[in-house]
Amino acid sequence: MGYIPSRSLENLNKYAYKGVDKSLLSRYVLQPFWTWFVTLWPLSVAPNTITLIGLTIVFFNFITLLYYDPMYLTEKNGVEGPPHWVYYTWGLGLFAYQSLDAIDGKQARRTGMAGPLGEMFDHGCDALNTTLEVILASRALGLGRSWWTVASQIATLANFYLTTWEEYHTGWPIIPRILLWAREGILMICSIFFISGYFGPAFWDQRIWTITHLEHIQPFNRLPNLPLNESFMVFGAFGLGFNIITSYTNVLRATRKQQQPHPEKTRASSLRPLLLLLPFVFSALLQVAWLSHPRYNNSYIIDSAAFIPFLCAWGLQFAHMVGRMILAHVTKGDFPMWDWVWLWSALGAADANLPKVFGIAPLIQHSPKNTTIFVWLTLLVSFVVYARFMTLVISDITNYLGIACFTVRKRDEKGDWADARPGMDMKKS
């Protein structure tokens with residue numbers, strides 16, 4: 001049994017990628033580079049292969065964190081952190097991921113493979129990369145395992161959710177002149193990695209008005225003199241607010257355009273998209289509820305070895321949710337308001353809050369060992385669920401369209417698709 005109902009498979013034929021990129025950085029700097037970079041790739045390389053290579057680089061960066069800073073799993077802030085040169089590799093790796101993620105669509109158009117499969121695969125890799133980069137960037141900023149890292153996770157996932165939510169309603173992604181979490185935001189994170197590589201993460205502990213020599217100048221002397229890393233988090237909060245306004249404006253414009261023949265429905269239809277933001281709000285509150293209450297001896301997951309696997313499980317559950325959203329977009333299906341994958345986290349949150357709600361000890365997480373095992377089990381379940389989702393969706397799309405995920409279609413001497421199954425009409429793909 002697949003994730004795509006049989007009645008929705010035909011809508012795959014109607015899918016056509018549309019996008020509006022107004023980013024000044026993309027237009028004048030990145031797009032010329034990407035246009036040249038894609039020409040280095042042979043036409044025999046499938047676009048999804050390029051996307052997967054980019055994600056593999058990010059996974060390698062994450063592995064270097066665990067290898068060179070193993071105490072980060074068991075100690076709250078690690079010991080000394082990884083060698084400084086490792087941060088350079090993280091910056092180069094993220095830039096490589098952004099470049100490969102940008103040219104996979106160009107490669108798809110070069111090879112005639114643009115379609116819903118590439119859209120699903122690209123978003124799936126982006127969703128996984130989001131949490132991994134949060135962990136790496138938090139380490140580079142010296143935030144360690146803290147509530148600032150949790151806040152960074154929420155803000156970053158919220159931005160990704162907003163983009164997918166916007167694309168579902170408008171039909172295509174709209175990149176504004178300045179997008180603080182994608183184009184410009186990724187380059188800012190790359191800069192953070194390079195600065196940490198040169199000065200070390202301790203650089204970000206310096207106070208913002210002190211390092212800029214503004215602490216005695218009005219009105220700066222009346223503002224909190226926050227460390228640089230916390231200041232970056234505040235800046236990110238303003239960026240999230242900007243993206244919320246931009247995304248909702250685009251959705252509202254698209255909704256009103258769709259309801260022009262029925263103006264009496266415009267107000268109701270303008271409010272309905274806001275309700276579709278509730279799934280993310282609910283999922284984020286669920287994770288915070290699990291994290292915010294001690295399980296044993298007044299100790300929290302954030303302070304334990306379970307924090308990194310907790311974030312990874314959260315990221316996989318989020319990837320499953322937005323994966324279903326983009327699937328609904330490419331198949332013109334209903335927006336997924338509920339995702340059963342959150343039930344596992346709901347169980348963890350409910351068990352953790354038993355002492356506060358009912359005054360009894362947690363039934364599962366009543367010891368450090370049990371808490372760690374339960375979090376790792378949550379990670380395993382989340383991984384299996386997401387892997388199953390991607391496998392079934394890729395299988396459904398490739399079987400229906402008669403294509404392969406990592407193979408470029410080629411025409412034979414008669415002009416037919418060489419890898420098409422007998423009786424399969426490849427014109428529809």
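Per residue of region 379-384, in order, report the coupling 6.51 cos²θ - 1.76 cosθ + 1.60 (Karplus, θ = phi - 60°) as ³J(HN,Hα) in whole Hz, putting x for Gly and Pro.
For region 379-384, the Karplus curve yields 4, 4, 4, 4, 5, 5 Hz.
With every protein chain present, what accessible area does W41 have (1.4 Å probe, heavy atoms only), rounded to the nearest 10 Å²?
Here the accessible area works out near 50 Å².
Relative contact order, percent, of region 321-402 when contacts are C-alpha pairs under 8 Å separated by at least 6 residues?
16 percent
If you roll a 1.4 Å probe over the heavy atoms of the protein chains, what accessible area per residue do you get for region 91-247, in Å²?
39 Å²
Order these peptides, 216-227, 305-316, 155-166, by their mean beta-carbon neighbour count within 10 angstrom, highest first. Show your work: numbers first, answer last.
On the way: 216-227: 11.2, 305-316: 23.2, 155-166: 21.4.
In descending order of packing, they fall as 305-316, 155-166, 216-227.
From the phi of every residue in region 347-364, what ³J(HN,Hα) in whole Hz does the Karplus formula 6.51 cos²θ - 1.76 cosθ + 1.60 yield, where θ is phi - 60° and glycine or proline is x?
Running phi through 6.51 cos²θ - 1.76 cosθ + 1.60 with θ = phi - 60° gives 5, x, 5, 5, 5, 5, 9, 4, x, 6, 7, 10, x, 10, 6, x, 7, 10 Hz.
Along the principal axes of its C-alpha atoms, what lengths does region 358-401 span, in descending order and rounded to whole Å?
55, 22, 7
In whole Hz and in residue order, list the ³J(HN,Hα) couplings for region 195-203 that follow from phi through the Karplus curve 6.51 cos²θ - 1.76 cosθ + 1.60, θ = phi - 60°; x for Gly and Pro.
5, 5, x, 7, 9, x, x, 4, 4
For region 54-149, what does the relative contact order come out to in percent, with C-alpha contacts under 8 Å and a separation of six or more?
This gives 37 percent for region 54-149.
The values are calculated or read from the model by the stated rules, or taken from the named source; none is laboratory data. Bear in mind the structure is a predicted one, so any value in this text is a computation, not a measurement. Positions of Cβ are backbone-derived with ideal geometry, glycine not excepted, and every protein chain shown enters the neighbour counts. Note: accessible area is taken over every heavy atom of the protein model, side chains too, but ligands, DNA and RNA are not part of it. Shrake-Rupley method; radii C 1.70, N 1.55, O 1.52, S 1.80 Å.
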